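Remarks on the structure that follows.
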Ligand code: NAP
């Protein structure tokens, strides 16, 4: 970066703790313009450092247009590992515009001794697996995927989400509105208090919501774990904000671009 060149503009595709941390770190570094993009699904997202824009771009083409119009120098896809649509669009927009794309994906969870995990490829497969595993289900896969379980009339669902879910939803439903991070003690209380037989989770990874896995292990409960969708072809992920920061610094060093 030369002293007279405009500050590089980084677009962070957000909606995660890592995206928030990255925006804060880059803003604190200085000499960088940071815009975080949110889908707008959550009514009151927490405060973010830097600039914020909200709402879809209008597919890969809309995102490519936005990158050009706002003179973006690098895109960091720091969206949730299950937000496969925006990740596919980011890959296509980066190819179309030549803007470098870095993908931040926190590592997935790994089973530990004593875990009774049932890995499945989709929410639909999770619903198929449930009747054989128990009647009282703790569902933590997010309110938007609830329709995959709506037909399971014989099961009782305790659904935890940040915002209230809408229809279609299972007939027997209790909603716990909460936002992580969660503790093992709190999760044990939730699982015991609601007499849960089986937990359903996405393999989201990260610390903030991992306590439910330890609690399920302690109680010997089965856990249906929905595997992550694959990354677009040719895209490799960086595991944390430090790796993204380092890659950005290399990009901004004078000389041939290293990506
Ligand atoms: P998705 O299915 O991959 O994306 C659907 C559409 O939403 C995209 O095509 C895009 O619309 C828009 N979009 C998604 N993320 C965006 C962003 N950061 N900025 C602007 N537009 C965005 O996404 P999703 O799974 O619904 O997730 C939406 C947001 O919630 C993401 O930011 C993600 O990080 C966060 N989140 C998701 C989950 C999850 O389990 N899926 C969990 C926690 C947080 P256009 O095509 O119009 O651009």
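If I filter segment 87-97 down to residues being near the ligand (Cβ under 8 Å from one of its atoms) and buried (at least 20 other Cβ atoms within 10 Å of the Cβ), which single residue comes out as farthest from residue 109 (Cα to Cα)?
89
Of all residues in segment 181-213, which are in a helix (DSSP H, G or I), touching a residue at least 60 places away in the same chain (Cβ under 8 Å) and farther than 13 Å from residue 116 by Cβ?
212
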Looking only at residues that are within 13 Å of the ligand (Cβ to nearest atom) and assigned to a helix (DSSP H, G or I) in segment 20-37, which one is farthest from residue 253 (Cα to Cα)?
20
Residue check: is residue 169 in a helix (DSSP H, G or I) and more than 12 Å from residue 140 (Cα to Cα)?
no
Does at least one position in segment 218-233 carry a residue that is farther than 26 Å from residue 91 by Cβ, assigned to a loop (DSSP other than H, G, I, E, B), at pLDDT 95 or above and in contact with a strand residue (DSSP E or B) (Cβ under 9 Å, 6 or more places away or on another chain)?
yes
For the subset of segment 74-102 comprising residues that are under 10 Å from residue 13 (Cβ atoms) and part of a strand (DSSP E or B), which member is nearest to the chain's Cα centre (by Cα)?
77
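Could you list, in sequence order, all residues of segment 67-86 that are near the ligand (Cβ under 9 Å from one of its atoms) and either surrounded by 15 or more Cβ atoms within 10 Å (Cβ to Cβ) or farther than 20 Å from residue 205 by Cβ (or both)? Don't jump to the end; show me each part of the working.
Step one: list which residues in segment 67-86 are near the ligand (Cβ under 9 Å from one of its atoms), which gives 77-86.
77, 78, 79, 80, 81, 82, 83, 84, 86 - these are the residues of segment 67-86 that are near the ligand (Cβ under 9 Å from one of its atoms) and either surrounded by 15 or more Cβ atoms within 10 Å (Cβ to Cβ) or farther than 20 Å from residue 205 by Cβ (or both).
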Considering segment 38-50 alone, what residues qualify as being surrounded by fewer than 16 Cβ atoms within 10 Å (Cβ to Cβ) and either part of a strand (DSSP E or B) or more than 9 Å from the ligand (Cβ to nearest atom) (or both)?
43, 44, 46, 47
Mind listing just one residue for me: the one in segment 103-134 that is away from the ligand (no atom under 16 Å from the Cβ), part of a loop (DSSP other than H, G, I, E, B) and touching a strand residue (DSSP E or B) at 6+ places or on another chain (Cβ under 6 Å) and, of those, farthest from residue 239 (Cα to Cα)?
134
Only one of these is at pLDDT 95 or above, under 24 Å from residue 243 (Cα atoms) and over 21 Å from the mean Cα position of the chain (by Cα): 13, 22, 48, 67. Name it.
67
Filtering segment 133-163 down to residues that are closer than 13 Å to residue 221 by Cα and out of contact with any helix residue (DSSP H, G or I) (no Cβ under 7 Å at 6 or more places or on another chain) yields 133, 134, 135, 136
Reported set for segment 21-31 where residues are without any contact (Cβ under 8 Å) to a residue 40 or more places away in the chain and surrounded by 13 or more Cβ atoms within 10 Å (Cβ to Cβ) is 23, 24, 27
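Please verify whether residue 53 is within 13 Å of the ligand (Cβ to nearest atom) and over 14 Å from the mean Cα position of the chain (by Cα), treating the condition exactly as stated.
Judged against the criteria, residue 53 is a match.
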So, in segment 133-187, how many residues would count as being loosely packed, with under 15 Cβ neighbours inside 10 Å, over 22 Å from residue 211 (Cβ atoms) and within 22 Å of the chain's Cα centre (by Cα)?
3
Inside segment 202-211, the number of residues satisfying the requirement of being within 15 Å of the ligand (Cβ to nearest atom) and closer than 11 Å to residue 187 by Cβ is 2
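The values are calculated or read from the model by the stated rules, or taken from the named source; none is laboratory data. Note that the structure is predicted; figures quoted are calculated from it, not measured. All Cβ positions, glycine included, derive from the backbone under ideal geometry; neighbour counts span all protein chains shown.
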